1. Can you tell me the relative contact order of the chain? Whole percent, Cα pairs under 8 Å, sequence separation 6 or more.
2. Taking amide H positions as placed in the peptide plane 1.01 Å from N, state which residues far from residue 108 in sequence (5 or more) or on other chains have amide H under 5 Å from it.
3. For a protection proxy built on the mean count of beta-carbon atoms within 10 angstrom, sort 66-72, 103-109, 36-42 highest first, please.
4. Just grab the label-to-label distance for residue 126 and residue 55, each label 7 Å out from Cα along the Cβ direction, in nm (one decimal).
5. Which chymotrypsin sites (Phe, Trp or Tyr not before Pro) from segment 7-106 combine a DSSP loop assignment with at most 11 other Cβ atoms within 10 Å?
6. For the pair residue 228 and residue 119, how long in nm is the line joining their label points, each one 7 Å along Cα→Cβ?
7. Between residue 153 and residue 205, take the C-beta separation as r, use R0 = 25 Å, and let me know the FRET efficiency to the nearest 0.05.
8. Cα gyration tensor of segment 158-307, axes a ≥ b ≥ c as square roots of the eigenvalues: rounded (a/c below 1.5), prolate (a/b > b/c) or oblate?
Amino acid sequence: MPGRVLVIKLGALGDFCYALGAMQAIRRHHRDASLVLLTRASCAQLARGSGLFEEVWIDTEPRAWDLPGLLALRRRLLDGRFGRIYDLQTSDRSGLYFRLMGPARRPEWSGIVRGCSHRHLYARPHRMHQVTRLAAQLAVAGIDRVDLPDLSFMQSDTDRFALPPDHVLLMPGSSPRGSHKRWPHYGALAGLLAERGLVPALVGTGEDRDALDRILDACPHAVNLAGRTGILDIAPLARTARACVGNDTGPLHFAALAGCPTIALFRADGSAEKAAPPTPQTTVLSAEPLADLAVETVATALFDALDRPRAPS
């Protein structure tokens, strides 16, 4: 078995979250190896908190014309003396890193790039969920069991938020480039929650300020957690929440994987098939455009979820 193993997974946050199951499987398979992760800075805290890796490297992602940057990355990869590399990103960029290492000193490689030792072949474009695709990729490399990510390592003191027991997490944001993924009717939904004596708790970042402000204007009863939560707070908050409603954004996936009854709102463009939370307590609702998804439809699904017994997490 290789003494040093590299895992490549660059993000985004939701994708990284689902890849944690594959990373945990790699850790079990290479129990005695030194495991190193190459990732983006935005995922580093989560990676370190997982306890899976001896080292976490931040990818500088040099451009194709940045010869000094590419040579520095090549030197780092080769100096790592890895016996095997698991490319969980399987992108043009990670394929470039395969070629950058050169055939003479290239280690075993699990991925999709032509010429690698453990190549996962499948038709593209595809509609496989990332969890399914990564499990199939690792099976080619001799790892037969890949579970959904275990987020039990995500622990924090959520008492500091002083949330009442009957709170529901609302996640109205998205990445800056994903504004088309935003459902615009959270304010009306928050009002319906308040009418039932439930407290909407808003999760987001500074980039979501406009969406959050609109909800607070419509429902002053809501609690704004924006800017007060870190990555490692989301799963603990979800464990105590009655339910969660959110767009296709990283925190929604953490909440679903933590066992929270989740209403996931996706555009009807096929993205849900590849990216919606594959958990039994998740209900996926779709429309195209997403703004056409009626408040009543979301509210009905949410109140149905609240009425069902919660499965043990």
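Taken together, the values in this text are just the output of simple stated rules run on the coordinates, not laboratory data. Every value quoted in this text rests on a predicted model; they were computed, and no experiment measured them. Cβ coordinates were reconstructed from backbone atoms using ideal geometry, including for glycine residues, and neighbour counts include every protein chain displayed.
1. Reported as a whole number, the value is 16 percent.
2. Excluding prolines and chain starts, which carry no amide H, the hits are 85.
3. Output ranking for 66-72, 103-109, 36-42: 36-42, 103-109, 66-72.
4. It is 3.0 nm.
5. The qualifying sites are 65.
6. 5.3 nm
7. 0.65
8. It comes out rounded by the Cα gyration axes.
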